[in-house]
Amino acid sequence: MTRISRAVLVTGCSTGIGRETASLLASRGWRVYATARRLDAIADLEESGCRLLELDVTDAASRAAAVQVVVDREGAVGVLVNNAGISELGATETLAVERVERMFATNVFGMLSMTQLALPGMRAQRWGRVVNLGSMNGRYIMPGMGSYAATKHAIEAFSDALRYELRPFGVAVSLIAPGMVTTGFGHAAAERSDSAPVEPVWADYNRRVAELTLAWDSGPRARLACTPRDVAERVARAAESRRPRARYRVAPSATLMLSLRRALSERAFERVLRTQFPSPRP
């Protein structure tokens, strides 16, 4: 009988969710390949039992090389965790298209290409897990985060299609939908948004959106957020379950906002958003 590979490849392990996921799965006995664009950023994960690979998900050669290493050593990528992602904040009129393209290249096209590279091995062994890191923003839009939410909408669509297409091959696809997470993920986006030269009305709006985003890391709002470890636990559940769920929500903020989005009309839900998020001040 052909040995089934359960080797795990995790993208975007330099910080936050990816780092916690790689460390947690390694501690549970999985053979984990942790990746980042710079190996020095994840050198300490080797002490946690992870194998390290250099990977830039926006570079075709880098993607192919990383997957090939796992295939050569293990026979196949058994579990692919598509975690690598970046964010952009700001009013849609003010967004630099080049930055949005870069975000789609990382969040969406990188995820798609990594999945395509890993799937032949999963199908051949009739077992595999694809775990995509989405967001509650895949189901509704937070003001000032339209471009980021657009990438998460795309991940929702690909995940749903893949789940249907791959079920006959024994490959399960799960989407992890965190609410707000207490990481530094939004800080870089907030800094870029705040430094962009825009009209005063949008500069004020972008500043307030950034302040609200950063407020989830501490204070009263943090009670509705989750930690990277919480998200990693859901990833582990999706990898280890015999029948993984299609979606895993994480954090009270995800449960609250997605429940409201489902229960309320469009107009009523937008009224709720206006009480919680800044609006432009003409």
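Values in this text are rule-based calculations from the coordinates and carry no lab data. Treat the numbers as computed from the prediction; the structure is a model and nothing was measured. No Cβ is skipped: glycine too gets one built from the backbone with ideal geometry, and neighbour counts run over all protein chains shown.
Once you have a ≥ b ≥ c as the square roots of the Cα gyration tensor eigenvalues for region 1-60, tell me rounded if a/c is under 1.5, and otherwise prolate or oblate according to whether a/b is larger than b/c.
Oblate shape, in that a/c is at least 1.5 and b/c is the bigger or equal ratio.
Could you point to the residue in 142, 45, 75 farthest towards the positive end of the chain's charge dipole, with +1 and -1 charges on the Cβ of Lys/Arg and Asp/Glu respectively?
Selected residue: 75.
For region 40-112, with equal point scatterers placed on the C-alpha atoms only and solvent neglected, what are the log10 I(q)/I(0) values from the Debye formula at q = 0.17, 0.27 1/Å, to two decimals?
Those come out to -0.77, -1.30, one per q.
With charges only on Cβ, +1 for K and R and -1 for D and E, what is the dipole size of region 8-276 about its Cα centre, in debye, rounded to 20?
Computed about the Cα centre, the dipole is about 1320 debye.
In a Gaussian network model over the chain where Cα atoms closer than 10 Å are linked, find which of 256, 166, 24 has the largest mean-square fluctuation.
Result: 256 has the largest fluctuation of those listed.
Can you tell me the 0 to 90 degree angle between the C-alpha axis of helix 252-263 and the longest principal axis of the chain, rounded to 10?
70
For the chain, what is the Kirkwood estimate of the hydrodynamic radius, computed as the reciprocal of the mean inverse distance between distinct Cα atoms, to one decimal in Å?
19.4
Using per-residue counts of other Cβ atoms within 10 Å, averaged over each peptide, order 199-211, 148-160, 122-134 from highest down.
122-134, 148-160, 199-211
With a bin width of 5 angstrom, please list the P(r) values of region 1-139 as percents of all Cα-Cα pairs, from the 0 bin to the one holding the largest distance.
Percent of pairs per bin, in order: 2, 11, 20, 22, 19, 12, 7, 4, 2, 1, 0, 0.
Which residue, 80, 224, 53, has the most motion in a Gaussian network model of the chain that connects Cα atoms within less than 10 Å?
Result for the chain, Cα springs under 10 Å: 224 fluctuates most.
Under a plain spin-label model, where a point goes 7 Å from the Cα along Cα-to-Cβ, how far apart in nm are residue 54 and residue 39?
If labels sit at residue 54 and residue 39, their model points lie 0.7 nm apart.
Which order do 140, 33 fall in if you start with the one that has the fewest other Cβ atoms within 10 Å?
Fewest to most other Cβ atoms nearby, the residues stand as 140, 33.
Expected output is a single nm value to one decimal: the length gained when fully extending between residue 279 and residue 64, i.e. 0.36 nm times separation in residues minus the C-alpha distance. What is it?
73.0 nm
Counting only helical runs of four or more DSSP H residues, what would the 222 nm mean residue ellipticity of the chain come to if each run contributes -39,500 (n - 2.57) and the total is spread over all its residues?
-15500 deg cm²/dmol
Which listed residue (258, 116, 35) has the Cα farthest towards the positive end of the charge dipole for region 8-276, taking +1 on Lys and Arg C-beta and -1 on Asp and Glu C-beta about the Cα centre?
The residue sitting farthest along the positive end of the dipole is 258.
Quick check: residue separation of residue 160 and residue 221 times 0.36 nm, minus the Cα distance between them. What number comes out in nm?
18.9 nm
Rounding to the nearest 10 and keeping the result within 0 to 90°, find how far the Cα-based axis of helix 200-215 lies from the longest principal axis of the chain.
So the helix axis and the longest Cα principal axis differ by about 50 degrees.
Once amide H atoms are placed 1.01 Å from N in the peptide plane, what residues at a sequence separation of 5 or more from residue 11, or on another chain, have their amide H within under 5 Å of its amide H?
Close amide H contacts, sequence-distant or interchain: 81, 83, 84.
For helix 228-240, report the angle its Cα long axis makes with the longest principal axis of the Cα atoms of the chain; keep it between 0 and 90° and round to the nearest 10°.
40
How high is the relative contact order of region 8-276, in percent, with contacts defined as C-alpha pairs under 8 Å that are six or more residues apart?
That works out to 19 percent.
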